[in-house]
1. Going highest first, how would you order 64-70, 156-162, 34-40 by mean Cβ packing within 10 Å?
2. Using alpha carbons only, how many degrees (0 to 90, rounded to 10) separate the axis of helix 168-177 from the longest principal axis of the chain?
3. Multiplying the sequence separation of SER204 and GLU29 by 0.36 nm and subtracting their Cα-Cα distance, what value in nm do you get?
4. Over the chain, what relative contact order in percent results from Cα pairs under 8 Å that are six or more residues apart?
5. Net charge near LYS46: determine it from the other residues with C-beta under 14 Å of the C-beta of LYS46, scoring Lys and Arg +1 and Asp and Glu -1.
6. Please get the size of the charge dipole for segment 75-160, origin at its Cα centre, with Cβ charges of +1 on Lys and Arg and -1 on Asp and Glu, quoted in debye to the nearest 20.
7. Report the net charge of residues surrounding GLY165, where surrounding means a beta-carbon distance below 12 angstrom and charges are Lys +1, Arg +1, Asp -1, Glu -1.
8. Here are a few candidate values for semi-axes √(5λ) of the Cα gyration tensor in Å: (1) 41, 18, 17; (2) 36, 25, 13; (3) 31, 18, 16. Which one was actually calculated from the structure I just gave you?
Amino acid sequence: MTAIIFDLDGTLIDSAPDIHATSNRVLAEEGFPPLTLPEVRSFIGKGVPHLVERLLQASGEDPAGPRHAGMVASFTAGYVDAVGLTTCYPGVEAALDDLLARGFALGVCTNKPLRPTQAVLRHLGLIERFGAVLGGDSLPVRKPDPRPLLATAEALGQSQVVYVGDSEVDAETAVNANLPFVLFTSGYRKSPISVIPHNAHFNSFATLVTTLVHVIGNLPVAPPAGMQLLHR
């Protein structure tokens, strides 16, 4: 069996509207004006503390100043159930069901905190499809440190693993973990596709399974010690 591990925000789900709404609520509490959806979307990917740093910076404040801790706490508390504006990307459910029917083990490795991760997966009816789910606070480190991704792979118990994500952070995580990476190009990436290390890319979940089957077909049949990185 092969495990397919997914990032969450910008990969399986478009959560930027809920993150944007929660961000502006926290900014309003501090007396700052709201930010636009594209601005906040560009801050997503490295976890809540980094997001708050960027919110402060965009508001003309010291990103590591005294407001940071309180805003992280406020954001985290208000974000647990912020699911009403979040949607799956088209074709996600069908693609996941197809992968399960083919015998793949599925997991999620995200920098979103675990409680809101579980809440949104339940809200969207996805959580039962995943054998392992790790959030940004599940370990003392976050992506692009490879340990969360490797821990997710270990929890799934498979020797072959492919990571699917949408961002530069996800690509760096896969490189650090020495795992193949498939890039979803319709998510939250900031760089051109050509400069992001990846083994294959797709822009619609209608083609995900075909893309993964092609990538897996080029993997070693019996890797001697974990996954072997494909030529990038």
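The values are calculated or read from the model by the stated rules, or taken from the named source; none is laboratory data. It should be emphasised that the depicted structure is a prediction, and the values quoted were computed from it without experimental measurement. Because the Cβ atoms are built from the backbone with ideal geometry, glycine has one as well, and the counts that use them run over all protein chains shown. Ligands, DNA and RNA are excluded from the accessible area calculation, which covers all protein heavy atoms including side chains. Shrake-Rupley method; radii C 1.70, N 1.55, O 1.52, S 1.80 Å.
1. Details: 64-70: 13.0, 156-162: 19.4, 34-40: 15.1.
Descending packing order for the listed peptides: 156-162, 34-40, 64-70.
2. So the inclination is approximately 50 degrees.
3. Values: separation 175, 0.36 × 175 = 63.00 nm, distance 3.81 nm.
Length difference between fully extended and current span is 59.2 nm.
4. Values: 415 pairs, mean separation 54.6, N = 232.
After rounding, I find 24 percent.
5. -2
6. Values: 8 positive and 8 negative charges, 40 e Å.
So the dipole magnitude of segment 75-160 works out to roughly 200 debye.
7. Working: positive: LYS143, ARG189; negative: ASP7, ASP9, ASP166, GLU168, ASP170, GLU172.
That works out to -4.
8. Of the labelled values, this structure produces (3).
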